[in-house]
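All remarks here apply to the structure that follows.
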Amino acid sequence: MESMLYPKMTATRRVVSLDGMWKVKFDFEEEGAAKGWKDGLESDDLIPVPASFNDFYTDKKYREFAGDIWYETEVVIPEEWKDKEVALRFAAATHRAVVYFNGAEVASHEGGFVPFLADVTERVRWNEKNRIVVKVNNELSKSSLPNGSVIEIPQPEGSDARKVKMIRPGFDFFNYAGLQRPVRLLALPKTSIDDFTVVHELDGEGARVSYQVAIRGSEKVETKVLVYDEAGKQVAEANGAEGVLSINPVRLWNVRDAYLYRFVIRLEQDGQLIDEYEEEIGIRTIEIKGIDILLNGKPVYLKGFGKHEDSDIVGRGYAPGVIKRDFELMKWIGANSFRTSHYPYSEEIYQMADREGFLVIDEVAAVGFLHFSSMAMFMGAGTGIKPTSFFEGPEIEPLRKNHLAAVRELIQRDKNHACVIAWSLFNEPETFSEAASRYFREIFEAARELDPQKRPRTFAMEKSCSPENVGCHQYCDFLTMNRYYGWYIKGGYEIAAAEVEFRQEMDAWGALTPQRPMVFTEYGTDTYPSEHKLPSVMWSQEYQVEMLEMCSRVFDSYEFVKGEQIWNFADFQTVEGTGRVNGNKKGVFTRQRQPKESAFFLKKRWEEL
Ligand code: CKX
């Protein structure tokens, strides 16, 4: 069972939430497998699901834990589901998991940010308690997405700690993990709708929507697709597992002016309903033409943020209250877009973006694909210091496989969302070696082939990816730039020199032919919310505004700049270190979602743009 459809109750489908307090046990001694923890955990420790496990405890050995975290819960499954397929659905288990049901392994999954199913139909004990045990592993390696490593910390003599592992992320956000998104129990008909795909085409006042329904199961069924507008009026209907729906006149989905049609898919047998599923879908087109990003044939300019799923206590855990607050703040400030830096976000965020008319650059968790021979990773990345080659060596083959799977799963999950206007296939990778170029070509081609809507593709480029370096940026349909002029490059009193260098780089990009649209997916300054200083210094709120004024001047001078997404929406947790004061402070909002001075600057600029 591989369906990625979002779990929904319909006339034929049942969904039960398994969220709540689960038993948990951290495998400090790496003994869980040998001691048969899959059959049940001896533990009194309870933990909420969904959530990251890291920030609940008061002892560092939990927050920084590297290894297997075992979760357990029980569920009674009713006998009336006997004629159904029964599955567990994990919206995400970070970064990999093995699922045991009544002691038997029923699924495993690599990659911590997309859903997977465990088919348990054959193992259900009807009307009895069924035990679910999940072994989640949070370690990073040279072949994992995101990329990183695990080191062993030597312990002083006499210490009773036998072996302490520590995670070294190859990226600048905390490696939150666990069962971070909802877990659900599903009961589906034996013959069911496995997938649904739409592709839109504008046709005068109307639209043509080509659709495909994938069916699972052996029974012969007739397929019907019905489309309803927001008032509940039926506006189109088609028969067959694939076809074209004509909606005329059509109300298009637009930026900050969303309109969603309800697509109902029905499988029938002699007039009897076998399965039913529905999705709310916005109809729109997206394409790149010359230096423009065209939504429904009209140019758009992206205003918004690079974000994180990150908040107090639950870490990267699904937090609907935080999602709501973030959208309210983005609307208040006049934003219209964001990038899901640096991994696929919770499905509910895309549903909200569809509803609110936000444009999303959807990023796969390919981050940390860059090595520096010296300096901290992010310091090097900002300054243009040449990284060492990354795409060579024995780990690349498994990495490539994981990356291709991650792109496939991301597109499979998000392909029908109107809000998703582009795929970001890497963040700040190495781009200068020949091996990089070969690797990029394959990933970019895969994305093109897998996406029915053929959305534009890009990757977020750090400074070492320059106009002179044509190793990889030629694969992009539009360019997305992470640039830190005025921060990592010539910050503070040198900001005037930063502007000069920034303009030189922009002139060089402008001289490239053919030109493509360029969107800034990162620019920013760490800003400590308590710091005010006149005249400004780096880290003060005044300086963040000064840097924004400088960047805005540059953006406004180049016609091919088609968007600005500041880094970051809110302050977020990272690993500790000399360059980070309990996290990255480049937020326009604090981690508690209150505005810094820069928020008022951006509100004014974006409302006027
Ligand atoms: N870009 C020059 C990736 C983000 C980091 C950001 C930063 C870097 C900058 C690279 O994940 O947080 O250093 O603030």
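Please determine, by comparing only the residues of the stretch 584-598 that are away from the ligand (no atom under 16 Å from the Cβ) and touching a helix residue (DSSP H, G or I) at 6+ places or on another chain (Cβ under 6 Å), which one is farthest from Asp172 (Cα to Cα).
To start, the set of residues in the stretch 584-598 that are away from the ligand (no atom under 16 Å from the Cβ) comprises 592-595, 597.
Checking the rest, the ones that are also touching a helix residue (DSSP H, G or I) at 6+ places or on another chain (Cβ under 6 Å) come to 593, 597.
On the way: Arg593: 20, Glu597: 24 Å.
Going through the qualifying residues, I end up with Glu597.
What number of residues in the stretch 481-506 are within 12 Å of the ligand (Cβ to nearest atom), open to solvent by 10 Å² or more (accessible area, probe 1.4 Å) and farther than 16 Å from Glu549 by Cβ?
Our first condition is that a residue be within 12 Å of the ligand (Cβ to nearest atom); within the stretch 481-506, this holds for 481-485, 487-489.
Then keep just the ones that are open to solvent by 10 Å² or more (accessible area, probe 1.4 Å); that gives 484, 487-489.
From the residues that got through so far, the ones that are farther than 16 Å from Glu549 by Cβ too are 488-489.
Here the count works out to 2.
Wholly within the stretch 280-322, which strands (runs of 3 or more DSSP E) include no fewer than the required count, namely at least 3 residues that are of a type outside the set (A, V, I, L, M)?
Numbers: elements: 286-289, 292-295, 302-306.
It comes to 302-306.
Residue-by-condition table, conditions (1) in contact (Cβ under 8 Å) with a residue 60 or more places away in the chain; (2) within 16 Å of the ligand (Cβ to nearest atom):
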site	(1), (2)
Pro514	yes, no
Pro517	yes, no
Phe520	no, yes
Tyr523	no, yes
Thr527	yes, yes
Glu531	no, no
Val537	no, no
Glu542	no, no
Met550	yes, no
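Per-residue answers, yes or no, for (1) assigned to a helix (DSSP H, G or I); (2) touching a residue at least 24 places away in the same chain (Cβ under 8 Å); (3) closer than 25 Å to Ile283 by Cβ:
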| residue | (1), (2), (3) |
| --- | --- |
| Asn402 | yes, yes, no |
| Ala405 | yes, yes, no |
| Leu410 | yes, yes, yes |
| Asn416 | no, yes, yes |
| Ala422 | no, yes, yes |
| Phe426 | no, yes, no |
| Thr431 | no, yes, no |
| Glu442 | yes, yes, no |
| Ala447 | yes, yes, yes |
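Any idea how many residues of the stretch 331-343 are more than 16 Å from Ala319 (Cβ to Cβ) and either in a helix (DSSP H, G or I) or not polar (S, T, N, Q) (or both)?
If we filter the stretch 331-343 for residues that are more than 16 Å from Ala319 (Cβ to Cβ), which is where we start, we get 331-339, 341-342.
Checking which are either in a helix (DSSP H, G or I) or not polar (S, T, N, Q) (or both) leaves us with 331-335, 338-339, 342.
Within the stretch 331-343, residues that are more than 16 Å from Ala319 (Cβ to Cβ) and either in a helix (DSSP H, G or I) or not polar (S, T, N, Q) (or both) number 8.
Hand me the list of strands (runs of 3 or more DSSP E) wholly inside the stretch 176-272 holding 1 or more residues that are under 31 Å from the mean Cα position of the chain (by Cα) and in contact (Cβ under 8 Å) with a residue 24 or more places away in the chain. Reasoning before the result, please.
Values: elements: 183-189, 192-203, 206-216, 222-228, 234-239, 242-247, 260-269.
Here the list reads 183-189, 192-203, 206-216, 222-228, 242-247, 260-269.
So which residues in the stretch 139-185 are within 16 Å of the ligand (Cβ to nearest atom), under 22 Å from Asp27 (Cβ atoms) and among the small types (Gly, Ala, Ser), if there are any at all?
Gly148
Go through the residues of the stretch 564-583 one by one and say whether even a single one is more than 16 Å from the ligand (Cβ to nearest atom) and either assigned to a strand (DSSP E or B) or of a type in the set (Asp, Glu) (or both).
In the first step, residues of the stretch 564-583 are kept if they are more than 16 Å from the ligand (Cβ to nearest atom); the result is none.
There is no residue in the stretch 564-583 that is more than 16 Å from the ligand (Cβ to nearest atom) and either assigned to a strand (DSSP E or B) or of a type in the set (Asp, Glu) (or both).
The values are calculated or read from the model by the stated rules, or taken from the named source; none is laboratory data. Keep in mind that what you see is a predicted model, and the values were worked out from it rather than measured. For neighbour counting, all protein chains shown are included, and Cβ atoms are generated from backbone atoms with ideal geometry for every residue, glycine included. Just the protein is used for accessible areas: all its heavy atoms, side chains included, with ligands, DNA and RNA removed. Shrake-Rupley method; radii C 1.70, N 1.55, O 1.52, S 1.80 Å.
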